[in-house]
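Reading through the structure tokens given below for one structure.
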Amino acid sequence: MLRAFFSERTKLRRKWMILGVFGPLVAFSVGSTIFQIVLADKAGTPEGFGLRSTRALTSAQGLANVITDSAAFGGVIVVILFATGFATEYGWGTLRNLLVRQPRRVRLFLGKSLGLLDFTYLGVLLMVAASFGAASLLAPGQGISTEAWFTADGIAEVVKATVNLMLSTIGWASLGILASVLLRSPGPAVGVVLAFFPVEGLVATLWDKAPEWLPGRLFAAVAVGGTEDTDFDRALALSMGYSLVALAIALWTFARSDVTA
């Protein structure tokens, strides 16, 4: 399993992979942070756009909220990355070569999955660091005090937010892996996972219990530490349940698939 893990990391260290994944993550994180800081209302939270008030941003939890709000786009990148992770091996015909070196499919599956997850967690840390830096530089000029951000409580909130983002990543990763193993082609796999977002959004408009049960809504709830519709513990439990089911189906399919088909 370790060999599969390190081989996946070697593949992911290519320049086009680093720029293609980390570039959009960092760019969106910085852009969203700038948007939140510059447009923060000085009297109260403006209606719409999900912006927070200046008073809310100056609290110990202010920076953590900026980070989690700025990471909303991360789920899209993560699910695409994992959707192509296995699908490209089928599409390029390299899976046969991998199975020659590691015929135990369960070990290969787990090694590749952990290699992708490790790469993704580095992206999460970069997003947090980029948002942290941008917010710290911009906030003073917008009349937002950052004193509470650097207290013990403020740092603890940032650490908690980072951990929550990593936990939510597991959910998005499981959906991407499932799509890639079932469809076995990068194009259809990416198409399906991208279609997941508007389809779930449509269902959410028609079903008032959607935030409590739909996987995407639950993954997002985990990322922000819980919402008014779903508390963190329930969102985390259901998210991990969905993830385990998706990974079990993907592993069962991967272990029994004909790579020559």
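The values are calculated or read from the model by the stated rules, or taken from the named source; none is laboratory data. For clarity, every value in this text was computed on a predicted model and none was experimentally measured. Every residue, glycine among them, receives a Cβ derived from its backbone with ideal geometry; neighbour counts consider all protein chains shown. Each accessible area value is taken on the protein alone, full model and side chains, heavy atoms only, with ligands, DNA and RNA left out. Shrake-Rupley method; radii C 1.70, N 1.55, O 1.52, S 1.80 Å.
Starting from residues that are of a type outside the set (K, R) and without any contact (Cβ under 8 Å) to a residue 60 or more places away in the chain, keep the ones in region 102-119 and report whichever is farthest from S174 (Cα to Cα). Outline the logic, then answer.
The first filter runs over region 102-119 and keeps only residues of a type outside the set (K, R), leaving 102-103, 106, 108-111, 113-119.
Then keep just the ones that are without any contact (Cβ under 8 Å) to a residue 60 or more places away in the chain; that gives 103, 117.
Working: P103: 23, L117: 10 Å.
Restricting to residues being of a type outside the set (K, R) and without any contact (Cβ under 8 Å) to a residue 60 or more places away in the chain, the top hit is P103.
Residues S145, S113, S185: which one is surrounded by 22 or more Cβ atoms within 10 Å (Cβ to Cβ) and among the hydroxyl-bearing types (S, T, Y)?
On the way: S145 fails: surrounded by 22 or more Cβ atoms within 10 Å (Cβ to Cβ); S185 fails: surrounded by 22 or more Cβ atoms within 10 Å (Cβ to Cβ).
On inspection, the qualifying residue turns out to be S113.
For R217, which of the numbered conditions (1) within 24 Å of T68 (Cα to Cα); (2) open to solvent by 40 Å² or more (accessible area, probe 1.4 Å); (3) modelled with pLDDT under 90; (4) not aromatic (F, W, Y) fails to hold?
(3)
Inspect region 120-127 for any residue being surrounded by 14 or more Cβ atoms within 10 Å (Cβ to Cβ) and among the β-branched types (V, I, T) and give the result as yes or no.
Yes, region 120-127 has at least one match.
Mind telling me which of the residues T94, T146 ends up being among the hydroxyl-bearing types (S, T, Y), free of Cβ contacts under 8 Å to residues at least 12 places away in the same chain and over 19 Å from I18 (Cβ atoms)? Outline the logic, then answer.
On the way: T146 fails: free of Cβ contacts under 8 Å to residues at least 12 places away in the same chain.
Answer to the selection: T94.
A quick yes/no check of all residues on (1) at positive phi; (2) of a type outside the set (K, R); (3) open to solvent by 90 Å² or more (accessible area, probe 1.4 Å); (4) at pLDDT 90 or above:
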position	(1), (2), (3), (4)
A204	no, yes, no, no
W213	no, yes, yes, yes
V222	no, yes, no, yes
D229	no, yes, yes, no
R234	no, no, no, yes
Y242	no, yes, no, yes
